[in-house]
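Read through the structure below, which is laid out as structure tokens, and then see the notes.
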Amino acid sequence: MGPMAPTSARDAVLAMARDEGFALARIAAVDEGEPLAPARATALDALAAGHLAEMGWMTADWLARATDPGAFLAGARSVIMLALPYARAAAPPADGVSRGRVAAYAAGRDYHRIFESKLRRMARRIREELGAAARPTVDYGPLLERPLASLAGMGWFGKSTMLLTPGFGPWVLLGAVATTLDLAPDAPLRKSCGSCTRCIVACPTGAISPEGHVVDARRCISYLTIEHRGSIPLDLRPLMGSWIFGCDECLDACPVGAASRETHPDLAPPSPDATFPPLTDLLALDEDAFRERFRGRAIQRAKRDGLLRNACIALGNTGTPADLPALTAALTDPSPLVREHAAWAIAQIEAREERQD
Ligand code: B12
Ligand code: SF4
Ligand code: SF4
């Protein structure tokens, strides 16, 4: 059998993506020129401007490799971009309990695990059935996924910096398989946000630049609650509302795909408490209880002290006097970070009560 024609290899790969349940699969050609050179320039500008905050692994060298599929897989000619949709959160239980909010992508099982097994199986089939090299990656791996997905025509760059897909808007998670196969590529979409500015207006911390397309991670609640270690700047705390892991405000505000409620079953939250956890319950978690409760969930990334720090801020912003005993107990938490944020939260709740008297 001779080498497969680009079209039939493409059909074979797309059939594999369907077998794995991916809702979207598009192909970017990366063998000619440097299609990701503009994305590399933008990313290096973001790094130089400090917009990537303290995500230490995102060095200039990492960004250069992350925009070079040939460095990711020797001889890469195509990158297959794959997406799973997930639904925005339903309303929180109306029971008067002070609840935090977890970004919808993180309320179900850890999506990295879900993607990893699907992408690995696809890469193995490409090697075994099509006789070509293939290497998968999701999120933390060294490839910038949004520029690749845009090149593959899966969506366009929203002003929120989210990749907006025609059917699901920003509500998709991405993964990729790079391969040495020469696959017939998809064309980029000719779409844009037009005059819409809803995400920019909706962002609680002003993290999106006034013209859009640039997010300053130093102000982004998603960064602050997930990636940032240590104390949260005082001026940002009151703007963080009840978010304790990630933030969906710029996604919730987006009209594109706003009607979609499609969720891959593995990404669906197991209960309302997974999306809206009672905040004082979180303050009671020690290291072991934290690990047990969030086993297999993306929330592990915030670490125990980080999540309790976030819960204190959410209580400071939305809590009531009923939450004061749990916060007072947190003043003796083993972590100085938690103690400091608990003290801040108590002062916030007391000041709110005084204003209401
Ligand atoms: C670092 C990172 C973050 C950082 C920084 C995000 C940022 N906006 O810079 C933080 C922690 C803040 C973050 C937050 C979130 N993230 Co994040 N994140 C990443 C990660 C690991 C790298 C992205 C990155 O390097 N950003 C730095 C900028 C400079 O690069 P970029 O975002 O890729 O943007 C490029 C393009 O947008 C392009 N570009 C931008 N505007 C324009 C305009 C024009 C005209 C052109 C031509 C190009 C262009 O240039 C940029 C540089 O190359 C990717 C996974 C990956 N490997 O790619 C996930 C990823 C981007 N994140 C994702 C998600 C889901 C989120 C959150 C929604 C999670 C949440 N609910 O809390 C938020 C959304 C915040 C937001 N508005 O972006 C998804 C996005 C899916 C999608 N539909 O877009 C990804 C792809 C992970 C995944 N595998 O699904 N994230
Ligand atoms: S995730 Fe939240 S804080 Fe970050 S840019 Fe979007 S709305 Fe702003
Ligand atoms: S809210 Fe409007 S401007 Fe922002 S990403 Fe969505 S369509 Fe674009």
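The values are calculated or read from the model by the stated rules, or taken from the named source; none is laboratory data. Computed from a predicted structure; not experimentally measured. Neighbour counts run over all protein chains shown; Cβ positions are idealised from the backbone, glycine included.
Here are the numbers for the structure shown:
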read-out	value
Matching residues, region 68-110, being of a type in the set (Lys, Arg) and closer than 30 Å to residue 244 by Cα	88, 99, 101, 109
Test: residue 158 is in contact with a Pro (Cβ under 7 Å, 6 or more places away or on another chain), within 16 Å of ligand 2 (Cβ to nearest atom) and either in the same structural domain as residue 28 (by TED's automatic domain parsing) or without any contact (Cβ under 8 Å) to a residue 12 or more places away in the chain (or both)	yes
Options 330, 298: the member that is under 16 Å from residue 244 (Cβ atoms), modelled with pLDDT of 95 or more, over 27 Å from the mean Cα position of the chain (by Cα) and not β-branched (Val, Ile, Thr)	330
Matching residues, region 88-140, being β-branched (Val, Ile, Thr) and without any contact (Cβ under 8 Å) to a residue 60 or more places away in the chain	138
Enumeration of residues in region 42-57 that are at negative phi and either crowded, with 17+ Cβ neighbours inside 10 Å or at pLDDT 95 or above (or both)	42, 43, 44, 45, 46, 47, 48, 49, 51, 52
Residue in region 215-223 that is over 19 Å from the mean Cα position of the chain (by Cα) and under 21 Å from residue 38 (Cβ atoms) present	no
Meets criteria (surrounded by 19 or more Cβ atoms within 10 Å (Cβ to Cβ) and either in a strand (DSSP E or B) or among the charged types (D, E, K, R) (or both)) for residue 191	no
Residue match in region 260-279 (condition: within 16 Å of ligand 3 (Cβ to nearest atom), at pLDDT 95 or above and either closer than 24 Å to residue 154 by Cβ or crowded, with 21+ Cβ neighbours inside 10 Å (or both))	no
Those residues of region 7-34 which are surrounded by 15 or more Cβ atoms within 10 Å (Cβ to Cβ) and under 24 Å from the mean Cα position of the chain (by Cα), in sequence order	17, 20, 22, 23, 24, 25, 26, 27, 28
